[in-house]
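One structure is given below, encoded as structure tokens.
The values are calculated or read from the model by the stated rules, or taken from the named source; none is laboratory data. Keep in mind the model is a prediction, meaning the values are calculated, not measured. With ideal geometry, Cβ positions are generated from the backbone for all residues, glycine too; neighbour counts draw on all protein chains shown.
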Amino acid sequence: MNAEIIDQLKTHVGVNGLPYAIPIHPNLVHLTLGLFILGILFDFVGVLFPLQTLVFKFLAIKAVRSNFFDVGWYNILGSAIISFFTVTAGFYEIMLANPPSDMKSAWGLQAMETMLWHGVGGVLLLALIVGMTVWRGLQRYVWCKDESQQVQWSYLFSGFAIMFLMYLHGTLGAQLAAEFGVHNTADMLLRLGQNPNTLLK
């Protein structure tokens, strides 16, 4: 039954292997990454705020410590919300993927292995981002609500560790598009023996 549904979906796809012109998942990925990274960085600046007050005064920037923590909180919350859509779009686009079976990535993985690791990694990162958001919310509204420093150092270190995992995970996704041509319109046209320079003007 599931195979029939997937086959029906594949009959309505374009050259890039999707029923729409531009893949959704990569665009949502960058939104997820940007919001998460900004959230951690603004919290980091908020923690170091007492060391930077002279710099802000010198640059005539009116900065309040709590504002940095506000930006950190809303960015991490936004990242958690958008991540559900990012992972959903990723699994939908993986279902429609038709990767080559005779190639290996720079990491020595075949396309199906890369997709598997990328899918599992996406679910893991979703869980970590949601966990960080809950942790951040507890610090903001319960544990540190009456303190000038709204986040713990352990939270920030965890955030930087997750950024490293995001880098590894993102590299797998980049390999799917760049090395295996998954949902890459120009790559698909080349495989069909057509010239993308004339067709994609």
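When the stretch 125-170 is filtered for residues that are of a type in the set (Gly, Ala, Ser) and more than 24 Å from Val87 (Cβ to Cβ), the ones remaining, listed by number, are Ser148, Ser154. Phe91 passes every criterion in (1) surrounded by 15 or more Cβ atoms within 10 Å (Cβ to Cβ); (2) more than 22 Å from Leu38 (Cβ to Cβ); (3) in contact (Cβ under 8 Å) with a residue 12 or more places away in the chain apart from (1). Find all pairs meeting these conditions: Cβ atoms under 6 angstrom apart; at least six residues apart or on different chains; first residue within the stretch 20-39 and surrounded by fewer than 18 Cβ atoms within 10 Å (Cβ to Cβ); second residue polar (S, T, N, Q). Note: pairs meeting the criteria are Leu38/Asn75. Among the criteria (1) touching a helix residue (DSSP H, G or I) at 6+ places or on another chain (Cβ under 8 Å); (2) touching a residue at least 24 places away in the same chain (Cβ under 8 Å), the one Glu179 does not fulfil is (1). Within the stretch 125-159, the set of residues being under 17 Å from the mean Cα position of the chain (by Cα) and without any contact (Cβ under 8 Å) to a residue 24 or more places away in the chain comprises Ala127, Gly131.
Residue-wise test of (1) at pLDDT 95 or above; (2) among the aliphatic types (A, V, I, L, M); (3) assigned to a loop (DSSP other than H, G, I, E, B); (4) more than 17 Å from Ala174 (Cα to Cα).
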residue	(1), (2), (3), (4)
Glu4	no, no, no, yes
Leu18	no, yes, yes, yes
Pro26	no, no, no, no
Ile40	yes, yes, no, yes
Leu51	no, yes, no, yes
Phe56	no, no, no, yes
Ile82	yes, yes, no, yes
Ile94	no, yes, no, no
Pro99	no, no, yes, no
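Residues considered: Asn16, Asn75. Of these, the only one that is within 24 Å of Phe164 (Cβ to Cβ) and crowded, with 19+ Cβ neighbours inside 10 Å is Asn75. Checking each residue in the stretch 147-168 for being closer than 23 Å to Gly121 by Cβ and touching a helix residue (DSSP H, G or I) at 6+ places or on another chain (Cβ under 8 Å) picks out Tyr155, Leu156, Ser158, Gly159, Phe160, Ile162, Met163, Leu165, Met166, Leu168.
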